[in-house]
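Taking it in order: structure first as C-alpha cells, then the write-up.
The values are calculated or read from the model by the stated rules, or taken from the named source; none is laboratory data. The structure displayed is predicted, hence computed values, not measured ones. Neighbour counts run over all protein chains shown; Cβ positions are idealised from the backbone, glycine included. Heads up: the accessible areas ignore ligands, DNA and RNA and are worked out on the full protein's heavy atoms, side chains in. Shrake-Rupley method; radii C 1.70, N 1.55, O 1.52, S 1.80 Å.
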Amino acid sequence: LRAWIARTARDATVYANLALRWDEEHPKVGVDPDVCLVEPAPLERQVRSLRTWESGHHAPRVAVEVVSRDTARKDYEEGPAKYAASGTRELWVFDQERCGRGLMGGPWTLQLWRRTEEAFRRVYAGDAPAYSEELGAWLVLTEGGSRLRLAEDEAGERLWPTAKEEADARAEAAEAEVAALRAALAARG
C-alpha cells in the first residue's frame, strides 16, 4: 500500500490496527482493520482512532483483514457489514490458512468486497488473483499462497516492489556503479 502512495504521490497514509469509528452516538462501535489505506490522510497523521464524523477523518479507501483462527468468525461474518457501515470503499479478507471453514461458504484465501452504487458487496471469493479497482492493481498470492501482493498484471509477473525491495535494488545499483567506477579507475592506472 505504501508503494501505491509512492507511485501515485497521493495524500494518503497506511495504518495498522487503527480503531475505525463511524457513529458519533455510539463511538465504541467500530472495527479495527489489520491494515488500512486512508485518503486523504488526516492532518494529524498520528491518530489513534479514525472518527469519520470528525473533520479531516475519512473512512479507508482500502481495509485489509488477515484472518486467524481467533478472528475467522469476526472477519468472515461481522466484518463486511461493519466496513459497509463505516463507508470503507474496498475490503480485502486474506485467509492464508483457510481458517474460515464453513463460514459463509468459505474458506477462501481471498475475498474482495467493494462499495458499488447499490451496496457493499463481495465481488470476489477464491484463491486470487482479484482486481482492486481502488488501487488499479491485481491482488496476487506469492510464496505458496502465504503472502498477498500487488501486481501490474493478473499473472503476478510484475509485482509492485515493497519498500525493502526498492531499497535493496537501489543499494545493488549503487554497488554496481561503485564497482564500475573502480574498474574504470583501475584501467586508467
Task: Set of aspartates and glutamates with alpha-carbon distance to residue 74 below 19 Å, sequence-local pairs under 8 removed - done: 32, 34, 65, 90, 95, 97
Open item on the list: Run through segment 14-86 and list the chymotrypsin sites (Phe, Trp or Tyr not before Pro) located in a DSSP loop whose Cβ has at most 13 other Cβ atoms within 10 Å.
Closed with: 53
- [ ] Return the sequence-ordered ³J(HN,Hα) values of segment 171-179 in whole Hz as given by the Karplus equation 6.51 cos²θ - 1.76 cosθ + 1.60 applied to θ = phi - 60°, using x for Gly and Pro.
- [x] 5, 4, 5, 5, 5, 5, 5, 5, 4
TODO: Starting from the Cα gyration tensor of segment 127-189, take the square roots of the eigenvalues, sort them a ≥ b ≥ c, and report rounded, prolate or oblate (rounded when a/c is under 1.5, otherwise prolate if a/b is larger than b/c, else oblate).
DONE: prolate
Task: Cβ crowding within 10 Å averaged over residues, with 58-66, 43-51, 177-185, 95-103 ranked highest first - done: 58-66, 95-103, 43-51, 177-185
Open item on the list: With the cut-off at 1.5 for a/c, could you classify segment 1-85 from its C-alpha gyration tensor as rounded, prolate or oblate?
Closed with: oblate
Task: Largest-first principal axis extents of the Cα set of the chain (Å) - done: 77, 40, 31
Task: Helix-only CD estimate at 222 nm, as mean residue ellipticity for the chain, using -39500 (n - 2.57) per DSSP H run (n ≥ 4) - done: -7000 deg cm²/dmol
Task: Segment residue 168-residue 121, length gained on full extension (0.36 nm per residue, minus Cα span) - done: 13.0 nm
Task: Per residue accessible area in Å² of segment 53-189, where ligands, DNA and RNA are left out and the probe is 1.4 Å - done: 56
TODO: Using R₀ = 35 Å, calculate the FRET efficiency as 1/(1 + (r/R₀)^6) where r is the Cβ-Cβ separation of residue 143 and residue 185; round to 0.05.
DONE: 0.25
